[in-house]
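K.L.:
Quick one: the structure is below, questions incoming.
The values are calculated or read from the model by the stated rules, or taken from the named source; none is laboratory data. This is a predicted model, so every value here is computed, not measured. Please note: Cβ atoms are built from the backbone with ideal geometry, for glycine as well, and neighbour counts cover all protein chains shown. Quick note on the areas: whole protein, heavy atoms, side chains included, nothing else; ligands and nucleic acids left out. Shrake-Rupley method; radii C 1.70, N 1.55, O 1.52, S 1.80 Å.
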Amino acid sequence: MKLQEKKFYPWMVVGLLWVVALLNYMDRQMLSTMQMNIANDIAALKNAEAFGALMAIFLWVYGFCSPFSGAVADRVSRKWLIVGSLGVWSAVTYLMGYCSDFSQLMWLRGIMGISEALYIPSALSLIADMFTGKGRSLAIGLHMTGLYCGQALGGFGAMVATSWSWQATFHWFGIIGVAYAVVLIFLLHEKAGRGKVETAAVKSTAPKSKETVIQSFAVVFSNIAFWVILFFFASSSIPGWATKNWLPTLFKDNFASLNIGMEWAGPIATLTIAVSSFIGVMIGGPLSDKWVKKNVKGRIYTSAIGLTMMIPSLVLLAIPNSIVLSVLAGLLFGVGYGMFDANNMPILCQFVSSRQRAMAYGFMNSLGVIMGAVTTQVLGGLSESLGLGKCFALMAGILVVAVALQLIVLKPKSDDKDDEEAADVKAENLAADTIEI
């Protein structure tokens, strides 16, 4: 029996991709905490607005590429997209260790944005396809914890760069990523029978007719539920990206009177979010998987609870000079974000078929990241005039609207759109047989 045919293989895929997710966020996050180390050699990074632009260029490129990467993932081998994506962004990480001016960093961050955009839609659609029944939210949530851990490890960038050098830090993590891409060539496989319909209601070995990209776009965007999913995903991305790129700086500012610098504020901020997000996933994943068996809106309710928890935490983060309060606010935010994050793809699966999921999630990722890019750059300009704390507090308002729309508009008919389509096909076949008789 082949490895991919064994019962444990879907969970093995989650484990394999967990490491890729970790490298994905760690490689992009290191730059935010190594800012001052790199600024010793590249003076332009001492300017907050220039640093905001450097962080934002990745997000702009990543955001604009995501929909197209998702469309590609719906049509070609997701295995090779994942392997190629990891290989390229790891090579870029390695090359960043050779940068000597600001423009070189900008170019490489842009290239990293293209390569990393290929990963998330491919990985999440692959996992969603492998977990068609129970465990989908937990599996996707566990994968997402790799992102949180990567963010946390990236928070130690300043500490590692101080011990070695920022150049060596980029070099070594780039080498690790390229080596792991080689490992995936042998261990990662596409789902068997992809492109064929096989459900409890319909058994067929005939492949579905291929849709054009334009047809797929039309199907997805004609669905009002997808627009609501886009909105609440983008709304959460504003504070989500703010915490990824600016929470270390906010913690440093909040702890200024306590003489705590970035070498400690960075790890405290990223570890707080990472650990609590992991807890949120471990709560939200199983809760959603159980709740949806009793109520088809169970995943939506779990996600809404997570979003609601994020609202007061953003207000509390604005209060300075208290490590305890800042950490507690970060923990509340992370738990809520983890519960929300574990259910985005499972909720999407309730409204979009497997033929368009990677593309649909690509659009979600795109809009979310573009909102993140705007937020990252705007915060760079407002950090001195308004203050980061007040900016974080203002983000809570839009989440209130997102929760309301999520609860009122989203009304799924089943836990998987494919099952719903299969039931429709079965009904049509029965009707046709009855007419013939």
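K.L.:
Would you mind getting me the FRET efficiency between residue 164 and residue 75? Use the beta-carbon distance for r and R0 = 45 Å, nearest 0.05. List each step's numbers first, then the result.
P.N.:
Details: r = 42 Å, r/R0 = 0.94.
Computed FRET efficiency for residue 164 and residue 75 comes out at 0.60.
K.L.:
Turning to a different aspect of this structure: With angles folded into 0 to 90 degrees, how steeply does helix 357-382 sit against the dominant principal axis of the chain? Use alpha carbons for both and round to 10.
P.N.:
20 degrees
K.L.:
For the chain, with a Gaussian network of springs between Cα atoms less than 10 Å apart, report the residue from 311, 185, 120 with the top mean-square fluctuation.
P.N.:
185
K.L.:
Determine, for each peptide in 342-353, 85-96, the mean count of other beta carbons within 10 angstrom over its residues, then list the peptides with the highest first. Intermediate values should be presented prior to the final figure.
P.N.:
Numbers: 342-353: 26.2, 85-96: 22.8.
Output ranking for 342-353, 85-96: 342-353, 85-96.
K.L.:
Between residue 325 and residue 409, how high is the FRET efficiency from 1/(1 + (r/R0)^6) when r is the Cβ-Cβ distance and R₀ = 45 Å? Nearest 0.05.
P.N.:
For R0 = 45 Å, the calculated efficiency reads 0.80.
K.L.:
Here's another thing I want to ask about it. Relative to the longest principal Cα axis of the chain, at what angle does helix 224-254 sit, 0 to 90 degrees, rounded to 10?
P.N.:
With rounding to tens, the tilt is 20 degrees.
K.L.:
Still on this model: Compute a Gaussian network model of the chain, connecting alpha carbons closer than 10 Å, and tell me which residue from 377, 104, 35 fluctuates the most.
P.N.:
Checking each option, the largest mean-square fluctuation is seen for 104.
K.L.:
Starting from the Cα of residue 44, move 7 Å in the Cα-to-Cβ direction to define the label point; list residues of segment 108-151 whose amide nitrogen is under 20 Å from there.
P.N.:
Output list for this probe position: 108-114.
K.L.:
For a quick size check, give me the Cα extents of the chain along its three principal axes, largest first, whole Å.
P.N.:
83, 44, 36
K.L.:
Could I ask something else about it? Determine the per residue accessible area of segment 10-57 with all protein chains present and a 1.4 angstrom probe, expressed in square angstrom.
P.N.:
Working: 1440 Å² over 48 residues.
Result: 30 Å² of accessible area for each residue.
K.L.:
Show me 167-177, 50-60, 143-153 ranked by packing, highest mean number of other Cβ atoms within 10 Å first.
P.N.:
Details: 167-177: 19.2, 50-60: 22.5, 143-153: 24.3.
Going by the mean number of other Cβ atoms within 10 Å, highest first, we get 143-153, 50-60, 167-177.
K.L.:
Taking the solvent-accessible surface of protein heavy atoms with a 1.4 Å probe, what is the per residue accessible area of segment 339-418 in Å²? Intermediate values should be presented prior to the final figure.
P.N.:
Working: 2610 Å² over 80 residues.
In whole numbers, segment 339-418 has 33 Å² accessible per residue.
K.L.:
Would you mind putting 221-230, 75-84 in packing order, based on average other-beta-carbon counts within 10 Å, highest first? Walk me through the intermediate numbers first.
P.N.:
Details: 221-230: 15.9, 75-84: 18.2.
Highest to lowest by the protection proxy: 75-84, 221-230.
K.L.:
What do you get for the angle between helix 298-316 and the principal long axis of the chain? Use alpha-carbon atoms, 0 to 90 degrees, nearest ten.
P.N.:
10 degrees
K.L.:
If you place +1 on the Cβ of every Lys and Arg, -1 on the Cβ of every Asp and Glu, and leave all else neutral, what size is the dipole of the chain about its Cα centre, to the nearest 20 Debye?
P.N.:
Numbers: 31 positive and 26 negative charges, 145 e Å.
Computed charge dipole of the chain: roughly 700 debye.
K.L.:
Normalised by the number of residues in the chain, what is the relative contact order in percent for Cα pairs under 8 Å and 6+ residues apart?
P.N.:
Details: 770 pairs, mean separation 109.4, N = 437.
Worked out over the chain, it gives 25 percent.
K.L.:
Just to make sure I understand: if all protein chains stay in place, what is the order of 220, 315 by accessible area at 1.4 Å, largest first?
P.N.:
On the way: 220 5, 315 75 Å².
So, going from the largest accessible area down, we get 315, 220.
K.L.:
Let me check I've understood the local charge: for residue 167, count other residues with C-beta under 15 angstrom from its C-beta, Lys and Arg +1, Asp and Glu -1. What total comes out? Mind showing how you got there, number by number?
P.N.:
Working: positive: none; negative: 27, 41, 101.
Here the charged neighbours net out to -3.
K.L.:
Leaving out ligands, DNA and RNA, what percent of the accessible area of the chain is carbon and sulfur, probe 1.4 Å? Could the numbers behind the result be given before it?
P.N.:
Working: 12030 of 17500 Å².
Ligands and nucleic acids excluded, carbon and sulfur reach 69 percent.
K.L.:
Given the options 284, 368, 397, state which has the largest fluctuation in a GNM of the chain using a 10 Å cut-off (strictly under) for Cα springs.
P.N.:
Per the Cα network of the chain with a 10 Å cutoff, 397 tops the list.
K.L.:
Tell me what the chain gives for mean residue ellipticity at 222 nm when only DSSP H runs of n ≥ 4 count, each as -39,500 (n - 2.57), the sum divided by the residue total, rounded to 500 deg cm²/dmol.
P.N.:
Working: 19 runs with 337 residues, N = 437.
-26000 deg cm²/dmol, from helical runs alone.
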